Amino acid sequence: MIKITPYFNMRSAYSILVACAVFLMASLSFTSVAQAQNAAAPAANAAPASPPTMIKSIRVIGNQRVEANTVASYLLIAPGDPYSEQRIDLSIKTLFSTGLFADVLIEPNDGNILIRVVENPILNRVIIEGNKALKTEKITDELEAAPRAVFTRSRVQADVQRIVDLYSQSGRFAATVVPKVIQQEQNRVDLIFEITEGPVTGVKRINFIGNNQFSDRQLRKQLATKESIWYKFFSSNDNYDPNRLEYDREQIRTFYTDRGFADFRVVSAVAKLVPNQKDFYITFTVDEGEEYTWGEISVDTQLTTMDKNILRRIVPIKTGKIYKSSEVEGAIDTLTFAAGAAGYAFVDIQPEIKRNRDSKTVDLVFKLREGPRVYIERIDIVGNTTTLDYVIRREMELVEGDAFNRVLLDRSKNRIRALRFFEEVEITEVQGATPDRAVVEVKVTEQPTGELSFSAGFSSANSFLLDLSITQRNLRGRGQLLKFVIRASANRREIDLRFTEPRFLNRNLAAGIELFNVSNDFFDEAGFKSTRIGGQVSLGFRVTEYTTLQARYSLRRETVDCTRALTVTNPQLCLQDNNRLSSVLGATFGWDRRNDPITPTRGFDVFFTQDFAGVGGDVKYLRTEARANVYYGIFKDIIATGKLSGGYITGWGGDGVQINDRFFKGSTTFRGFDNAGIGPRVIQIADDGSIIRGNALGGNAFGLATAEVSFPLGIPSLLGSLFLEAGTVGLIDDEFKVSTDPNLIIKDDLSLRSTFGASVFWDSPFGPIRFDFTKPLIKQDFDRRKSFQFTTSTRF
């Protein structure tokens with residue numbers, strides 16, 4: 001039996017036999033092929049082919065799960081059609097291509113077509129055995145084979161290769177996979193992949209050939225692939241990965257072209273496996289070329305409202321400097337932003353680079369052309385399983401029908417990331433229904449925004465810590481914040497309930513309400529304990545793209561206890577030892593120009609705050625505070641940060657500034673000093689003339705400055721930093737400086753303090769922990785210093 005059986009009569013069979021006999025005789029007698037054909041032709045012509053018959057019926061047998069009608073739907077023939085061998089052959093190929101059948105036979109019989117099929121088995125189970133280095137879930141996620149899927153040998157072989165590739169990527173090139181099939185009843189099979197993982201294949205050595213300007217050690221630092229060293233337990237890049245090797249080639253090229261070597265190229269990158277299959281030797285052969293500098297830099301623009309001389313001045317590339325290829329992309333971004341600010345949403349910038357090999361210079365011309373206008377046809381939100389669509393859409397700077405603008409899309413991405421609802425935010429665009437239309441896809445990956453946590457800990461600043469919090473930053477997927485916190489430490493007790501609606505009345509208004517009960521124990525540091533019970537309402541809105549304004553009103557009952565301070569401190573310092581009602585109206589202005597709201601590497605932010613107490617109540621003062629931060633990425637994850645902050649408070653209407661309203665700095669706000677460790681202080685002169693350090697008094701003014709550089713420590717979840725801090729606190733009101741005891745002296749000046757130190761940040765499973773090591777550079781004898789401290793907190 002054959003797959004396609006043509007219709008034969010006796011005369012046709014006789015003709016074929018005669019032709020074969022004649023061909024054999026011609027071969028034996030060495031006659032020509034032409035004579036054999038002439039001899040066979042009359043015999044062949046003696047039996048003319050029968051005319052094709054019509055297909056009368058089609059019957060399917062052998063099918064178990066697949067319906068006969070389903071099989072017939074794949075055929076290219078039907079009852080009533082003329083018989084065609086070509087169509088029957090195509091029908092067989094079509095049935096095989098479905099993957100449902102292991103064998104297909106079509107038997108024509110006088111116009112009645114019989115189709116015999118043998119169905120492929122169904123997978124009952126897929127079992128992975130022998131895997132230790134890779135989890136079963138990671139392997140099965142890559143396989144096509146799955147329970148209740150159709151079993152085919154081609155798919156099994158493809159899955160074997162996928163498993164081998166997975167092990168190769170993890171550094172096990174000697175891994176082997178043997179598939180085994182166990183037949184079960186009802187045409188089902190169990191598929192078992194038996195894995196022999198083999199040894200881990202490391203990178204024994206990385207060599208470079210042709211490098212004269214930079215050492216092997218310098219070049220190895222640029223690679224993602226690392227050499228295997230016994231003490232690097234946590235390294236995952238010390239195995240050979242072909243994909244990573246291609247990335248390393250690009251890393252080396254970028255390294256050289258950013259240092260003037262415009263002609264640099266990687267001639268080859270070869271990885272050789274040693275016979276025992278345990279290690280690779282990787283060799284890069286490079287051609288460095290000559291060092292170039294920037295030559296003539298110019299801008300050619302067809303944008304009528306933009307002057308090319310002005311554009312040239314904003315290009316951050318200087319003639320005569322060492323050639324750096326990465327500066328071209330930075331210059332394009334600068335020009336694109338400038339064109340967008342001038343109203344050109346569609347601008348095409350093409351850099352033309354010309355190398356002058358004689359003078360070893362690189363000339364660069366930026367050609368600006370107004371590009372074709374493209375409009376947004378549709379914005380699709382993908383991946384938001386919890387967050388409602390409109391919460392994301394309201395952060396977009398563009399809507400359907402707007403002109404496409406890359407700058408505004410980048411801003412939209414940052415605004416969505418600033419919500420902190422998503423692990424990843426990706427905005428891509430594809431062509432729409434017509435060439436002048438674009439479909440924007442916003443793809444997000446949700447992260448948990450609700451938290452129910454209880455934690456306990458210890459820090460050198462606050463001794464014990466207890467924390468119970470219930471937080472939902474994305475309540476019901478609407479972007480609302482609900483937070484309830486009970487927190488306790490050695491010197492602070494806090495109960496806080498807060499709710500914020502980011503789009504109050506469907507407008508760009510963030511409305512919030514807060515109820516709190518806070519108790520601060522500063523008996524040891526400043527000789528008083530304060531309690532605040534009250535609430536606050538706030539309303540914030542965006543003034544411009546980069547600026548915000550928040551107004552708030554708080555009403556609170558305040559109690560101050562100074563009983564422990566009276567023995568060593570002037571009683572005048574605690575005149576407010578009673579219940580006071582504070583009615584405070586305040587506002588905060590913010591200006592944020594950071595390039596990233598979470599991990600900025602460029603830009604700055606500035607905040608200016610004022611609180612006016614005296615709209616009713618018993619307290620009257622005006623408090624002003626300002627702070628500014630500047631961020632600059634030096635290299636990769638190395639970030640420099642500069643911080644400035646200052647504040648001043650003054651009473652009005654004849655009221656002085658009470659002790660619990662003053663500024664206290666130290667510990668987390670000024671590393672190297674204890675809580676309330678700097679500023680005005682009561683000191684006592686003993687009978688022998690020695691100085692006894694008394695209570696801190698706080699100050700009406702403060703100023704702080706910090707310069708810090710943070711960097712990774714080479715271990716995941718660990719960061720380090722070096723910092724320099726300087727600042728001062730002082731200027732209490734004269735009425736609180738009066739002392740009837742000649743042995744009590746109030747030290748109040750704006751003496752500068754400064755510290756230098758290092759910090760280690762650990763993002764531990766228990767919450768972030770920071771260790772600070774400090775050394776004072778400038779201090780006062782009566783300051784309370786602390787050379788080491790660690791702090792911990794929980795996330796909200």
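The values are calculated or read from the model by the stated rules, or taken from the named source; none is laboratory data. None of the values given here were measured: they were computed from a predicted structure. Note that each Cβ is placed from the backbone with ideal geometry, even for glycine, and that neighbours are counted across all protein chains shown. Quick note on the areas: whole protein, heavy atoms, side chains included, nothing else; ligands and nucleic acids left out. Shrake-Rupley method; radii C 1.70, N 1.55, O 1.52, S 1.80 Å.
What ranking of Met54, Met396 comes out by heavy-atom accessible area, probe 1.4 Å, highest first?
Result, largest first: Met54, Met396.
Give me the percent relative contact order of region 141-249, please, defined on Cα pairs under 8 angstrom at least 6 residues apart.
21 percent
Do any GluC sites (Glu not before Pro) in region 313-403 lie in a DSSP loop with no more than 13 other beta carbon atoms within 10 Å, and if so, which?
Glu400
In a shell of Cβ-Cβ distance under 13 Å around Gly295, excluding Gly295 itself, what net charge do Lys and Arg (+1) and Asp and Glu (-1) give?
So the surrounding residues net to +2.
For a quick check of understanding: with a 1.4 angstrom probe and all protein chains in place, what accessible area in square angstrom does Ser554 have, to the nearest ten?
Its accessible surface works out to 10 Å², give or take rounding.
Treating region 102-169 as a set of equal point scatterers at the Cα positions, no solvent, please give the Debye-formula log₁₀ I(q)/I(0) at q = 0.17, 0.21, 0.23 Å⁻¹.
Debye curve over Cα of region 102-169, log10 I(q)/I(0) at q = 0.17, 0.21, 0.23 Å⁻¹: -0.69, -0.90, -1.01.
Using Cα positions and a limit of under 21 Å, work out the lysines in reach of Lys226, with same-chain residues fewer than 8 apart set aside.
Candidates past the 8-residue exclusion: Lys204, Lys272, Lys278, Lys636.
Starting from the Cα gyration tensor of region 279-348, take the square roots of the eigenvalues, sort them a ≥ b ≥ c, and report rounded, prolate or oblate (rounded when a/c is under 1.5, otherwise prolate if a/b is larger than b/c, else oblate).
Verdict is prolate for region 279-348.
Sorted by accessible area with a 1.4 angstrom probe, largest first, how do Glu227, Glu625, Glu725 fall? Show your work: numbers first, answer last.
On the way: Glu227 40, Glu625 60, Glu725 15 Å².
Largest accessible area first, the residues go Glu625, Glu227, Glu725.
Give Lys747/Lys786; Lys620/Lys643; Lys529/Lys775; Lys324/Lys443 a once-over and call out the pairs whose C-alpha atoms are over 22 Å from each other. Could the numbers behind the result be given before it?
Numbers: Lys747/Lys786 20 Å; Lys620/Lys643 30 Å; Lys529/Lys775 30 Å; Lys324/Lys443 34 Å.
Result: Lys620/Lys643; Lys529/Lys775; Lys324/Lys443 exceed 22 Å.
Name the aspartates and glutamates eligible as straight-distance cross-link partners of Lys737: C-alpha to C-alpha under 16 Å, and not fewer than 8 places from it in the same chain.
Once the sequence-local aspartates and glutamates are set aside, what remains near Lys737 is Asp655, Asp748, Asp749.
Determine which residues of region 612-648 fall in the zone a paramagnetic label at Val606 would reach in this model, i.e. backbone nitrogen under 18 Å from the point 7 Å along Cα→Cβ.
Residues 624-632, 642-648 fall inside that zone.
Using a 1.4 angstrom probe on the protein heavy atoms only, line up Asp89, Asp763, Asp637 by accessible area, largest first.
The most accessible residue leads, giving Asp637, Asp763, Asp89.
Within the set of other residues whose C-beta is less than 13 Å from the C-beta of Ala133, count the net charge using Lys and Arg as +1 and Asp and Glu as -1.
+3
List the residues, sorted by chain then number, that are 5 or more residues from Val60 or on another chain and whose placed amide H is less than 5 Å from its amide H.
Residues meeting the amide H criterion: Ile115.
Just to verify a number: what accessible area does Leu482 come out at with the full protein assembly present, 1.4 Å probe, Å² rounded to tens?
That residue has around 70 Å² of solvent-accessible surface.
Semi-axes of the equivalent ellipsoid for region 211-321, please: Cα gyration tensor eigenvalues, times 5, square-rooted, ordered largest first, whole Å.
Working: eigenvalues 330, 48, 32 Å².
The three semi-axes for region 211-321 are 41, 15, 13 Å.
Counting only heavy atoms of protein chains, what accessible area per residue, in Å², does region 375-438 have with a probe of 1.4 Å? Intermediate values should be presented prior to the final figure.
Numbers: 3340 Å² over 64 residues.
Ligands and nucleic acids excluded, the result is 52 Å² per residue.
Taking all protein chains in place and a 1.4 Å probe, what share, in percent, of the accessible surface of region 357-429 do carbon and sulfur account for?
Solvent-exposed carbon and sulfur of region 357-429 make up 47 percent of the total.
How large is the accessible surface of Arg369 in square angstrom, using a 1.4 angstrom probe and rounding to the nearest 10?
60 Å²
With Rg and the Kirkwood Rh both taken from Cα atoms, where does Rg over Rh land for region 258-383? Don't skip to the end; give the middle numbers.
On the way: Rg = 21.0 Å, Rh = 17.7 Å.
Ratio value, two decimals: 1.18.
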